[in-house]
Each structure stands twice: as C-alpha cells, then as structure tokens.
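Please read the structure below before turning to the comments.
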2 protein chains.
Amino acid sequence: MFLYTENFDGQKARAMAGLRKALSEKKVDEDVIPLLERINSLDNYFTTSSCSGRVSVMEMPYFGDKVNSVWLGKWHREVSVDEVLEAIGKHRKGQLWFLVRSPILHVAARSVEDAVGLLNLAVGLGFKYSNIKSVSHRKLLVEIRSTERMDVPLGEDGELWVDGEYIERIVGIANAQLRRFKGKLKRLEDEVGAKLK
Amino acid sequence: MFLYTENFDGQKARAMAGLRKALSEKKVDEDVIPLLERINSLDNYFTTSSCSGRVSVMEMPYFGDKVNSVWLGKWHREVSVDEVLEAIGKHRKGQLWFLVRSPILHVAARSVEDAVGLLNLAVGLGFKYSNIKSVSHRKLLVEIRSTERMDVPLGEDGELWVDGEYIERIVGIANAQLRRFKGKLKRLEDEVGAKLK
C-alpha cells in the first residue's frame, strides 16, 4: 500500500512554498500561471512542475543526451523565422535540432479516483498523452501532456543540411502546433475548476 | 474504488484469446513476440497491445489527423535510403512526414503495486516515457514507451522541401535510434521474468 493519501496535505504545503518561491524568482512560464492557480485552489490536487510548451533550437552531442545539450534559442510563444535563423547561426558542434514540445504539467492527486478524474478530463480536452507518471509514498503524480511535437535534424558540427526556405516551412508548422496546444491549455483552465474538486 | 483486481483473471483470459488470434493472423510484430510471451507467463500481468517501434513515411492532411493519414512506407527494422526514397516517390498531396516511433507495449497489471513494479523496471531500463496510461474497472494499464522519436516534415502537396543528401542524414539518425530502442527491448525481455511475478 502506498501512503500518498496520508502524505498529501504535507506534500501540498511543501509544493506550494516551492511554487511561491519560483513565482517570485520569475521561474514559472507566465501563460500557465492562471491554470496552476486554479488547480492549486482545488482540495485534492497540487502542481509540482510545469512548462507551457515551447519551440527551440538545440545543440546536442547525440539525440537524447540531455545533460550535454545546449539551447541556442527557446520560445514559449510563436517565433519568427529571423529568430530561428539567428539561433541556428550560433551552432558550432554536435547535432543541431529544431524541436517543438507540448505543454507538460505535473499534478499530484489525493487518491487514485482524483488522479483518474483529472486524467480523463485532460485526455478529453485533447491532452492525449496524459498519464499517471509515478506512484510513491510521497506522491501520486498525473502528467498532462499533448501530442504536438517536432524533432527535426538541421545539421551537424557547423554544417547545415537544409536551406532558409525549409526553415520557413517548419517554423510555420511549429507555430501552428503552438497555437493548437495553447488553445488546449486555455480550455483546461476554463474547465478544471468546474469539473473537479 | 476501481474493480480491476477483481476483473483481472477474466480480462486476462479474454486478452490471451485475442493475442492467439492476432498471432495466428501474423498481426503481431515478430521481434516483440518473445517479450510478450514472457510478460504473459507472469501471474500478475498481461499484454493488450504492442508495437516494436518503427520508421515510417506518412502523408497526412495536417499534423495529428491520424484518421486520414496514409503510410507510404513503414518498417520495424533498419531501413535503407532507397526504400525511403521509393516511399517518398509515392507522395501526392497533404503534408509529407518522416517519422520514428519508439516501441509501445500496453500491459495490464493486477494491482497498483504490480503496475508500479513494472513501471519502475521499464523506466530503469531506459523506457523513460513509461507510465500508467489508464485506470478503469476493467483494467489498470501500464504503457511502456521510450524517448526515441523523429517528426520531420519533408514536403507538401507533391513538392519536396529537402534533398537526397538530407534524406540520407535522417535515415542514418533514424536507424541509430532504432538500434537503441531494439536494444532496450532485448534488455527488458532478459529482465522482466527475473524481476517480476
């Protein structure tokens, strides 16, 4: 038997102190703050981390080596072709990738029933990769995540494999994905208070 | 309270009949069959679906519209540049994408403790996107999934945005990702019987 229900209120108090600190240090993506506040106002949930979704240009020694990866550019909003080209211009070594990542929210729930309630609501609003990420004595953790994603190799060791016109195309697709998942975040913000306790 | 534990043995019998049918119709990815057999030999688990991971070329009206998407080529093994070029040659309309997808296994567990045991084993073996996908009276379902993935736009409405040299590069990266996740599948096959009941 896991003891996350017994530990819920203590863990929530700790997480809320951490969130207040992160907010005061401007370390929380701004457009997701109203959603976090709604979730944390509920009795049976609290947020532990969040990203509002992003477009980025990243240099990595090889795919998946997060530790040694460097962001050359990162945007939580629609991005211009010029901004992306400027980031690409900083590339020197390793693999160069253009990436889109969906929003991710981690939300602890008081019980399995509460976790499933949030999970099903999120899936129904288009966050189709949502799941229960982990279960331990400390926390029962729901991950809210959507399907939008791009992983496009652009070059290696300073050499570019694509032209400016291609960059223009993929920036257009990325911005369309970003508008889609920002819309889903807004709908979740609208519904989470009405549908859950 | 969810009743998946009470329903486990009945659901397992039903799933095993479905698997035998799928096997007889050659509808199961061959290289994942030994792993499925190991998992299904355990008392507290059964598999409900699986994909051993793949590289594909897909035409879709827009990203995420699975219903109207068409595979122009799909491989559960390393692929050659010629095979990919041949698939690309069939493209006529919509968005053209080159995709890599990690293996995905769905495994029902008898209890939350059993689900967490499998989840933690899978994460530890490199299947870092593994999670509990859903909880209902019928099933407590673990998803085993890894991080390897590519989503590369190649063109639209018959027009190609990249050249043959670029295709060569991304096929090389895709095959490296495929070797990586096939290795993880093998390790899971080796360990699942020893570590779980």
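The values are calculated or read from the model by the stated rules, or taken from the named source; none is laboratory data. For clarity, every value in this text was computed on a predicted model and none was experimentally measured. Please note: Cβ atoms are built from the backbone with ideal geometry, for glycine as well, and neighbour counts cover all protein chains shown. Surface accessibility is based on the protein's heavy atoms, side chains included, excluding ligands, DNA and RNA. Shrake-Rupley method; radii C 1.70, N 1.55, O 1.52, S 1.80 Å.
Quick check: anything in segment A:122-129 more than 10 Å from chain B (Cβ to nearest Cβ), in a helix (DSSP H, G or I) and open to solvent by less than 60 Å² (accessible area, probe 1.4 Å)?
The answer is yes, given that some residue of segment A:122-129 is more than 10 Å from chain B (Cβ to nearest Cβ), in a helix (DSSP H, G or I) and open to solvent by less than 60 Å² (accessible area, probe 1.4 Å).
Out of the residues in segment A:105-121 meeting the condition of being within 12 Å of chain B (Cβ to nearest Cβ) and in contact (Cβ under 8 Å) with a residue 60 or more places away in the chain, tell me which one is nearest to A:LYS186 (Cα to Cα).
A:LEU118
Go through (1) crowded, with 17+ Cβ neighbours inside 10 Å; (2) in contact (Cβ under 8 Å) with a residue 24 or more places away in the chain one by one and return the number of the condition A:SER80 breaks.
All conditions pass for A:SER80, except number (1).
If I filter segment B:80-94 for residues that are of a type in the set (A, V, I, L, M, F, W, C), touching a helix residue (DSSP H, G or I) at 6+ places or on another chain (Cβ under 7 Å) and either in a strand (DSSP E or B) or within 17 Å of B:LYS184 (Cα to Cα) (or both), do I get at least one hit?
Checked against the condition, which is being of a type in the set (A, V, I, L, M, F, W, C), touching a helix residue (DSSP H, G or I) at 6+ places or on another chain (Cβ under 7 Å) and either in a strand (DSSP E or B) or within 17 Å of B:LYS184 (Cα to Cα) (or both), segment B:80-94 yields no hits at all.
What residue, of B:VAL171, B:VAL152, B:VAL162, is aliphatic (A, V, I, L, M), touching a Gly at 6+ places or on another chain (Cβ under 8 Å) and either within 10 Å of chain A (Cβ to nearest Cβ) or open to solvent by less than 20 Å² (accessible area, probe 1.4 Å) (or both)?
When all the criteria are applied, what remains is B:VAL162.
If you check A:LEU185, A:LEU141, which single one turns out to be crowded, with 18+ Cβ neighbours inside 10 Å, touching a residue at least 12 places away in the same chain (Cβ under 8 Å), within 18 Å of A:ASN40 (Cα to Cα) and within 12 Å of another protein chain (Cβ to nearest Cβ)?
One residue alone meets the criteria, A:LEU141.
Counting just the residues of segment B:59-77 that are open to solvent by 80 Å² or more (accessible area, probe 1.4 Å) and among the hydrophobic types (A, V, I, L, M, F, W, C), which one comes out modelled with the highest pLDDT?
That would be B:TRP71.
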